[in-house]
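Engineer: First the structure, then my questions, so here it is.
Every number in this text was worked out from the coordinates using simple rules, so none of it is lab data. In this text, all values refer to a predicted model and were calculated from it rather than measured experimentally. Don't worry about glycine lacking a Cβ; one is built from the backbone with ideal geometry, like all the others, and counts go over all protein chains shown.
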Amino acid sequence: MEGLQDQGGNSGQTVVALDAMGGDHAPEAVVAGAVEAAGPGLKVLLVGRGDDIERCLEGTGAEKRRHLEIVPASQVIGFDEEPTRSVREKPDSSLVVACEQVAAGRAQGIVSAGNTGAAMAAALFRLRRLKGVKRPGLCAVIPTPGKPTVFIDVGANAEVRPVHLLEFAQMGSVFSREVLGVAAPSVGLVSIGEESVKGNELVLEAHRLLTGSGTIDFYGNIEGRDMVRNVVDVVVTDGFTGNVCLKLMESTSAVVIEEIRRAASGSFLARLGGLLLRRRLRRFKESIDPEVYSGAYLLGVRGLVVVCHGNSSSRAIANALRLTARAAAHDVVGKIAARIAGEAPA
């Protein structure tokens, strides 16, 4: 987690647009996350209703304010609004205006805890796909014990073709290498068995494409149990399967943490054991805490787009901003474009 404080060695200042009005706890928690993350290496554009943002910034020191800028936007897209229609009918919404900051070159990425579908629609309308990308994929970082794992697609595409899974593998590999520092990311394809003959028609054909690709390190098929065992660095599947798996893993992590806390606060002996194991338990909690690698990244568009949970805390927002800055510093968008075009080595 300490590594999230580093912006990737960027010599200048990365600029990220933040949808200050998006999320269950906006704007208070969202603005607090921006205040926590902003600094010499990261400038945050707070997009939203100026009066509300200013109220949340009361008491913020002058040095911190140097790295924060308010960009006015009068409208807000709610969670219950239809994504495509809301993006078209609310051009002055905080989400759309934040995307326009990236499209205009004023920012390198956008972070939002608002409507996920609207965030993806705004990105496709305002930023558009990278040349050669057939389907952008939503990529999440799974905080598994030992090291994090990249998981793509986790919800952008419920139905895909085999070539889309190949693209996800290529984009996920770039993200793993540039953002997580994995020198040669291995890729696993989610299936019902490890054997190459297992799976439906989509998986069988995708396995053939991934095996024949010269741009990725393909491990082969993996099963659901392998996702949290660090068998591979990048897990690839369709968005329907990925979304179900991601939510299951997140809820399981929360249940495990709560049960450990409950067990360690029961009897006197349990509390004593919890005290003795406190350091190890804290490390375990941090290793599976989804707020450490907060947000899902829409890879394949002309800019960095990060979608956080609607109930994100200020800590989650701050970490999402830091990871977005790191991805920008390592030119993840440019390297994905080169990989898709076949111009970059594996």
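Engineer: Taking 30 Å as R0, compute the FRET efficiency from the Cβ-Cβ separation of Lys147 and Ser196 and round it to 0.05.
Structural biologist: According to the calculation, E is roughly 0.70.
Engineer: Here's something else I'd like to know. Which residue, Ala318, Ala17, Ala103, tops the fluctuation ranking in a GNM of the chain built on C-alpha contacts under 10 Å?
Structural biologist: Largest GNM mean-square fluctuation: Ala103.
Engineer: Can you give the FRET efficiency to the nearest 0.05 for Val163 and Arg128, using r as the Cβ-Cβ distance and R₀ = 25 Å?
Structural biologist: The formula returns an efficiency of 0.80 here.
Engineer: Another question, then. Considering only DSSP beta bridges where both residues belong to the chain, give the percentage that are antiparallel (nearest 5).
Structural biologist: 30
Engineer: Another one. Along the charge dipole of region 140-289, pointing to its positive end and built from +1/-1 on Cβ of Lys, Arg, Asp and Glu, which listed residue (Val255, Thr215, Ala183) has its Cα farthest out?
Structural biologist: Val255
Engineer: Per residue of region 215-226, in order, report the coupling 6.51 cos²θ - 1.76 cosθ + 1.60 (Karplus, θ = phi - 60°) as ³J(HN,Hα) in whole Hz, putting x for Gly and Pro.
Structural biologist: 10, 9, 9, 8, 6, x, 6, 10, 9, x, 5, 7
Engineer: Moving on. Under a straight-distance cross-link criterion of Cα-Cα below 30 Å, which lysines are reachable from Lys90, leaving out those fewer than 8 residues away in the same chain?
Structural biologist: Within the straight-line cut-off, Lys90 pairs with Lys43, Lys131, Lys134, Lys247.
Engineer: Cut-off 10 angstrom, C-alpha nodes, Gaussian network model of the chain. Which of Leu166, Leu42, Leu204 fluctuates the most?
Structural biologist: Between Leu166, Leu42, Leu204, it is Leu204 that shows the largest mean-square fluctuation.
Engineer: Still on this structure, I have one more. In deg cm²/dmol, rounded to 500, what helix-only [θ] at 222 nm does the chain give when every DSSP H run of at least 4 residues adds -39500 (n - 2.57) and the total is split over its residues?
Structural biologist: That calculation yields -12500 deg cm²/dmol at 222 nm.
Engineer: With θ set to phi - 60°, apply the Karplus curve 6.51 cos²θ - 1.76 cosθ + 1.60 along region 45-62 and write out the HN-Hα couplings as whole Hz, x wherever there is a Gly or Pro.
Structural biologist: The phi angles translate into 8, 8, 9, x, 6, x, 5, 5, 5, 4, 4, 6, 8, 4, x, 6, x, 4 Hz.
Engineer: Find how much the distance from Ala338 to Ile260 grows on full extension, using 0.36 nm per residue of separation minus their present alpha carbon separation; answer in nm with one decimal.
Structural biologist: 23.5 nm
Engineer: Of Gly59, Gly50, Gly188, which has the largest mean-square fluctuation in a 10 Å C-alpha GNM of the chain?
Structural biologist: Gly59
Engineer: Please give the length that would be gained between Glu54 and Arg85 if that part of the chain were fully extended, namely 0.36 nm times their separation in residues minus their C-alpha to C-alpha distance (nm, one decimal).
Structural biologist: 8.2 nm is the gain from fully extending Glu54 to Arg85.
Engineer: What residues from region 192-228 fall in the zone where the backbone N is under 13 Å from a label point 7 Å along the Cα-to-C-beta line of Phe240?
Structural biologist: Only 200-203 fall inside the zone, counting backbone N under 13 Å.
Engineer: So, one more: Residues with amide H under 5 Å of Ala73's amide H, sequence separation 5 or more or different chain, H placed in the peptide plane at 1.01 Å from N; which?
Structural biologist: Excluding prolines and chain starts, which carry no amide H, the hits are Gly48, Arg49, Gly50.
Engineer: Further question on the same structure: Find how many whole Å separate the alpha carbon centroid of region 308-343 from the alpha carbon centroid of region 112-127.
Structural biologist: For region 112-127 versus region 308-343, the Cα centre distance is 15 Å.
Engineer: Excluding the sites themselves, what is the longest stretch of the chain that contains no GluC sites (Glu not before Pro) in a DSSP loop with at most 13 other C-beta atoms within 10 Å?
Structural biologist: Looking at the chain, 196-342 is the longest stretch - no exposed GluC sites (Glu not before Pro) with at most 13 other Cβ atoms within 10 Å.
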